[in-house]
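Here's the structure we're looking at; comments come further down.
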Amino acid sequence: MEKLFEGVEMNLGKFKYLSDRFRNYMSISNTVMIGYLFLKESGWHWWYLLFVPVVLALFYFDVKYVLPSELGYIWEKNPAYKQLLKNTENNND
């Protein structure tokens, strides 16, 4: 039974990664479309320009703080990475 599911974990992980990336791109395009509809219906106002620095600040916060902690958490949960670190430490001793 185990041979039946051999390699499935890698394919499921790859599928999840690719679907998450696709979902992120779709959410960006969805936000742009909703923004377009909002501007089309309400007209243009100068205070809409305040949206740009807010988005840039959120992007900076995400790249500077959220992404490194997310990657750290993912690497902590990865048994292959833990084994690699263990082997590296043993080779250095």
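Computed from the coordinates by the stated procedures, all read-outs in this text should not be read as laboratory data. Everything numeric here is computed off the predicted structure, so don't read it as measured data. Cβ placement follows ideal geometry from the backbone for every residue including glycine, while neighbour counts extend to all protein chains displayed.
With runs of 4+ DSSP H residues as the only contributors, calculate the mean residue ellipticity of the chain at 222 nm using -39,500 (n - 2.57) per run, divided by the residue total and rounded to the nearest 500.
Working: 4 runs with 71 residues, N = 93.
That comes out to -26000 deg cm²/dmol.
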Legend entry - Charge dipole magnitude, Cβ of K and R +1, D and E -1 - the chain, Cα centre, debye nearest 20: 240 debye
Inset, instruction - Taking a cut-off of 18 Å between Cα atoms, list the lysines near Lys77, but don't count ones fewer than 8 places away on the same chain. - result: Lys14, Lys16, Lys86
